[in-house]
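The values are calculated or read from the model by the stated rules, or taken from the named source; none is laboratory data. In this text the structure is predicted, and so the values were computed from the model without any measurement. Here the Cβ is made from the backbone with ideal geometry for all residues, glycine too, and neighbour counts use every protein chain on show.
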Amino acid sequence: MKHGQDRPLRELGENRMVSRFRELTAKGLGRGVLAGPGDDAALVRIPENRLLLFTCDMTVEGVHFRRAWATPRQIGWKAMAANVSDIGAMGGEPGFAVASVAAPGEVTGDFLDEIAEGLMECASRYGASLVGGDLVGSPGPVVVDVALTGWIAEGLALRRSGARAGDAVLVTGALGASAAGLAALRQGLSAEDERVGAALTAHLTPCPRLVEGQAIAAAKRATAMMDLSDGLAEDLPRLCRESNLGARLQTSQIPVHPSCRAVAELLGLDALALAVSGGEDYELLLTCPPDAVKEVREAVAAAGGVSVTVIGEMVSEEGVVTVEDSGLERAMGAGFDHFAVSG
């Protein structure tokens, strides 16, 4: 029990929970924070000679998590990680975050304490400060909404719209671990199997590719970049549309995470399909000229980042086509759509 926080919110009341949030966050305020929770707004110092990045991402019960599967700390971590990933995908440095939580009255104070701790743990890991927030009673699901600022030097920010025909298409790391973790949860697979455990970890506590994004931006050779939050099949077409191009992918080159292959085998699923269509990998998708691939890989490696793999090329024709080693071509299927899929 934490300061009587095991009682439901309807008994604790808003004032007590706001005071508790202020108490928890006070120890995690980083440099540049002149005033955190307690006033009508946080007061922070903006770094000189930097462009402001600003993002927000909502984590909703029944869409991004289930309380039966995730601890409150994992829910908080994941909500912050999604925002850190957005800053990393632009090549930036995280700054200051605010978080709003909507929760039904039967949720306990302990539950909210742990969400706040998860938010702060992730923020601290990646150099951000949680400087404020809001708490709202709701008859519906638990919702955690985070907004995060970031900074980047002028001329370094990477967008989705800069790709050029002939550019190589690359991804960091390997794909499908988070989707495999979700499939494992749905089917009740045991985390005692370390292959399943790795997939569950990837889904419940994702690690955004912040240093990788910063290294790629600093190398000044990438032409476009975004994070893979909704899956390669959904996100690559978005990059293509913003750049007014299409893409051709070599399916044999798409890196599939070992835990995805293992869970797919256990459940009788197609590992590649799971890796391509599953969301929340938070790997980076980027493009660069073919002669820049080596430099990009070396920059990421020097930053202590993960592997970078070429999976295809950008083309002038619209649409995304996958090509098998046999030469068979087909249009890429859809990834995750928030308005078509739930739970």
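Quick notes on this one:
- The numbered conditions (1) over 23 Å from Ile87 (Cα atoms); (2) touching an Asp or Glu at 6+ places or on another chain (Cβ under 9 Å) are all true for Gly188 except (2).
- Members of the range 234-255 that are closer than 11 Å to Leu285 by Cβ and in contact with a helix residue (DSSP H, G or I) (Cβ under 6 Å, 6 or more places away or on another chain): Ala247
- Per the listing Ala70, Ala81, Ala103, the residue uniquely surrounded by fewer than 24 Cβ atoms within 10 Å (Cβ to Cβ) and modelled with pLDDT of 95 or more is Ala70.
One line per residue, one yes/no per condition, for (1) modelled with pLDDT under 95; (2) under 21 Å from Asn244 (Cβ atoms); (3) assigned by TED's automatic domain parsing to the domain that holds Leu284; (4) over 19 Å from the mean Cα position of the chain (by Cα):
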| residue | (1), (2), (3), (4) |
| --- | --- |
| Ala303 | no, no, yes, yes |
| Val306 | no, no, yes, no |
| Ile311 | no, yes, yes, yes |
| Ser316 | no, yes, yes, yes |
| Asp325 | yes, no, yes, yes |
| Ala340 | yes, no, no, yes |
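- Qualifying residue in the range 136-143 (condition: part of a loop (DSSP other than H, G, I, E, B), over 19 Å from Ile46 (Cα atoms), hydroxyl-bearing (Ser, Thr, Tyr) and at pLDDT below 95): yes
- Test result for Leu267, buried (at least 22 other Cβ atoms within 10 Å of the Cβ) and either among the small types (Gly, Ala, Ser) or not assigned by TED's automatic domain parsing to the domain that holds Val84 (or both): no
- Scope the range 150-188; condition buried (at least 21 other Cβ atoms within 10 Å of the Cβ), in contact with a helix residue (DSSP H, G or I) (Cβ under 7 Å, 6 or more places away or on another chain) and assigned to a loop (DSSP other than H, G, I, E, B); matching residues: Leu158, Ala163, Gly176
- You will find that of Leu175, Leu200, the residue that is without any contact (Cβ under 8 Å) to a residue 60 or more places away in the chain and outside the structural domain of Ala81 (by TED's automatic domain parsing) is Leu200 and no other.
- The strands (runs of 3 or more DSSP E) found entirely in the range 214-311 include none that carry 3 or more residues being farther than 21 Å from Ile87 by Cα and of a type in the set (Gly, Ala, Ser).
One line per residue, one yes/no per condition, for (1) under 14 Å from the mean Cα position of the chain (by Cα); (2) more than 20 Å from Ser178 (Cβ to Cβ):
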{"site": "Met80", "(1), (2)": "yes, no"}
{"site": "Ile87", "(1), (2)": "yes, no"}
{"site": "Met90", "(1), (2)": "yes, yes"}
{"site": "Gly95", "(1), (2)": "no, yes"}
{"site": "Ala99", "(1), (2)": "no, yes"}
{"site": "Glu106", "(1), (2)": "no, yes"}
{"site": "Leu112", "(1), (2)": "no, yes"}
{"site": "Glu117", "(1), (2)": "no, yes"}
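- Some residue of the range 107-130 being within 25 Å of Leu34 (Cβ to Cβ) and part of a strand (DSSP E or B): yes
- Unmet criterion (only one of (1) within 30 Å of Ala218 (Cα to Cα); (2) charged (D, E, K, R); (3) modelled with pLDDT under 90) for Glu93: (3)
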